[in-house]
Amino acid sequence: MIIKMSKVSVIGPHSLLPEIMAYIYEAGVLHIETPPEYVKDTPYIRKLTLSLEQKNEMAELERVLALARRTLNTIKPLYIRIHSGDIPGGLQQDSFKRPSITNKHEEIGTTEAKTSIEGISMSVDNLNQEIKEIEQQLSLYTRYEKILNSLSPLMELVPESPFRDYTGITLYKRESPLPLLEEAIQRITNGRYEIFKKDVDEELMACVVVYPKEFAPEIKGLFHMENISELRMPADLADMPLMEALRTIMQKKDELPLDMKGLENTLKQLAFEKYDEFIRCFNIIEERLRQMEVFSGLYGTKDTFYLCGWMPEKSTHTFIDNIRKRFNDMVIIRTLTPVRTETEITPVLLSNPGVIRPFEVLTRFLALPKYGTFDPTPLLAMFFPVFFGLILGDMGYGMILFLVSFFVMWRWRGNETIRDMSSVLMLSSLFTIFFGVIFGELFGDLGRYIGLHHYIDRSVALIPFLIFSIIIGGFHISLGLLIGVVISFKRREAKEAIVRILKMFFVFSIFGAAAAASGLLPGGLLRIMVMIAIGLIAALFFLEKWIAPFDAIKLIVNILSYARIMGFGAASIFLASIANRLTLMPRSIVLGIIIGIFFHIINLAVGVYAPAIQTLRLHYVEFFDKFFYPGGVEYKPFGRGRKVVT
């Protein structure tokens, strides 16, 4: 249901603006909007400007909020992972005790919130920077891994001496440069050298060349002149002797992953301990910035201000009385009569009773309805579980789905979206069980082997089930058109209302013709129904021109689309029956049970996904198209009752 809204305006002196805004923020019911054009165009009315100090504050708040969002992108996933049971290695569950949280209603200033956000963000940035540096080091050291594995045994063969030097090089085998290299080194050192070599892979060879130190410049010059790749150590190890650098790299490759794991655990611990405080401070900064944005969008004269907005009609009387009691005659507040054009921009607040409310999440997946139209949530709550149950229609699958949905709702009860989706699936599972009893299905045809009685066997009654599905489609489409007629008259769209009435009677004529052709009605009515349908198309042509024939075809296609209820339902029972037959094929009973369970799990996953998608499609595409006006403005009251001290 769409809550009825009232529009109010507030006029008062500049001196009372901070106090009035504080009360509006505390009340948390007024959706403030930009004044209409006729107010802006009034002589002496101008947009109020912020002082230099306020502009600087606003810029600082935007900076802090951007910093907070960046930090939140890091700590929020970690916090969620910890709550889902992913405890950092080396830490015990007991170490993750929630810190004491200050009462959420306790006053806290934006200065304290800003300091807290900057402190936590700095800690997170420092830890991320250290982790990034370790990752870079590991990535660098990994590039040396193959060569290091080849050179390490060779280095053990090199005798240590203060008078000797050595250089690691890599050579490509296909170029066969080693004999020529040895000849050149022989000539430089007069035979006082050794070369240790080992294959790295099929193409590359690693070598260690040992020679007297006095020949080092000439040897390195030879390598440079012949374009031979000398093994160069990372910058932090460049000043070390080759052997010591290699040992250091091997040691660090073992130590760095442990260091990185420790830093990651520290980051997780920080996220767990500081998340609630961070979110609280984030909300304070965000709301303060919103206050400043509202201030910057106000209009008024030299001495007065003007603001207007929307609130639920049931809150209007209390809100106005409180303003008048607090400010007496210093503030003028009154309700306004919205003009017709303002209906499109009136904010929308949905409010539905308990069992229907979770289905609002499905409405919001598409879009909010425009104010003054119709909230489809009650219809979703009525038809979605029924269609879902008709398609899946199995007691066993329904019970499993109910238990899984209940567990998910309990486990993630703090997440409103997950909680609502779980509630939708729980209700749908009850209809699945109900239709499972009617169809006599328990994990497919397994129920028949244990004596379950079926009232309707949909595995053999495919044609009746198909006809039943199409009849459901005709009723569903007609209901949508009827609602559309009411809304069209309410919106004073007479032509659209007449078009929908004609379409509704066209649907009736099509079903009448089908009933007459099948013998349910006297055969003489067939020609009459066909003539009525043709006449309705002609009337639609007069109103819609060339769109009329396509609309008629679209209506028929929309109704036939409900055959998917039968199609996917039949697929579900046949797949379940195949899973049961596969259980009996292996000679081993245990293996057969494992195979059966595996295929039933697959069928259950498909059986939950397909009915949900197909049912939503029938609503979003076939049904909503007949009456739904998307594009409503979301109701966002200023403050929502949270108080911020500035």
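The values are calculated or read from the model by the stated rules, or taken from the named source; none is laboratory data. In this text, all values refer to a predicted model and were calculated from it rather than measured experimentally. Cβ: placed from backbone, ideal geometry, glycine included. Neighbour counts: every protein chain shown. Heads up: the accessible areas ignore ligands, DNA and RNA and are worked out on the full protein's heavy atoms, side chains in. Shrake-Rupley method; radii C 1.70, N 1.55, O 1.52, S 1.80 Å.
Data for the structure
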quantity: Estimated distance in nm for a label pair at residue 357 and residue 413, the labels positioned 7 Å out from Cα along Cα-to-Cβ; calculated: 1.5
quantity: For residue 304, solvent-accessible area (1.4 Å; no DNA, RNA or ligand), Å²; calculated: 50
quantity: Label point distance in nm, residue 589-residue 339, each placed 7 Å from Cα along Cα→Cβ; calculated: 8.2
quantity: Folded to 0 to 90 degrees: helix 242-296 orientation relative to the chain principal axis, Cα; calculated: 30
quantity: Within straight-line cross-link reach of residue 114, aspartates and glutamates at Cα separation under 19 Å, skipping those fewer than 8 residues along the same chain; calculated: 53, 57, 60, 62, 106, 125, 273, 276, 277, 286, 287, 293
quantity: Pairwise FRET efficiency - residue 613 versus residue 55, Cβ, R0 = 35 Å, nearest 0.05; calculated: 0.10
quantity: Qualifying chymotrypsin sites (Phe, Trp or Tyr not before Pro) for the stretch 525-577 [loop in DSSP, other Cβ within 10 Å: at most 15]; calculated: 546
quantity: For the chain, radius of gyration divided by Kirkwood radius, i.e. Rg to Rh on alpha-carbons; calculated: 1.14
quantity: Fraction of beta bridges assigned by DSSP in the chain that are antiparallel (%, nearest 5); calculated: 95
quantity: Relative contact order of the chain, defined on C-alpha pairs under 8 angstrom at six or more residues apart (%); calculated: 23
quantity: Whichever lysines have a C-alpha closer than 23 Å to that of residue 495, once near sequence neighbours (fewer than 8 apart) are set aside; calculated: 370, 503, 545, 554, 626
quantity: Cα-Cα over 26 Å, subset of 55/636; 198/252; 173/252; 173/220; 302/636; 76/253; calculated: 173/252; 302/636; 76/253
quantity: Ranking by accessible area, most exposed first, for 268, 55 with a 1.4 Å probe; calculated: 55, 268
quantity: Solvent-accessible surface (1.4 angstrom probe) belonging to residue 364, in square angstrom, nearest 10; calculated: 110
quantity: In the stretch 452-508, trypsin sites (Lys or Arg not before Pro) in a DSSP loop with at most 10 other beta-carbon atoms within 10 Å; calculated: 492
quantity: Sequence of 279, 456 from largest to smallest accessible area, 1.4 Å probe; calculated: 456, 279
quantity: Listed residues 392, 466, 584 arranged by accessible area, highest first, probe 1.4 Å; calculated: 584, 466, 392
quantity: All aspartates and glutamates inside 12 Å of residue 7 as judged from Cα atoms, apart from same-chain residues fewer than 8 positions distant; calculated: 33, 313, 342
quantity: Residues of the stretch 374-626: accessible area per residue with a 1.4 Å probe, Å²; calculated: 51
quantity: Degrees between helix 17-27 axis and first principal axis of the chain (Cα, 0 to 90, nearest 10); calculated: 80
quantity: R0 of 25 Å, Cβ-Cβ distance residue 187-residue 253: FRET efficiency to nearest 0.05; calculated: 0.05
quantity: With all protein chains modelled, accessible area of residue 175 [1.4 Å, Å²]; calculated: 120
quantity: Separation of the residue 81 and residue 403 label points, Cα + 7 Å toward Cβ, nm; calculated: 3.1
quantity: FRET efficiency for residue 515 and residue 453, using Cβ-Cβ distance with R0 set to 25 Å, rounded to 0.05; calculated: 0.20
quantity: Degrees separating the helix 589-617 axis from the principal Cα axis of the chain, which is the longest one; calculated: 60
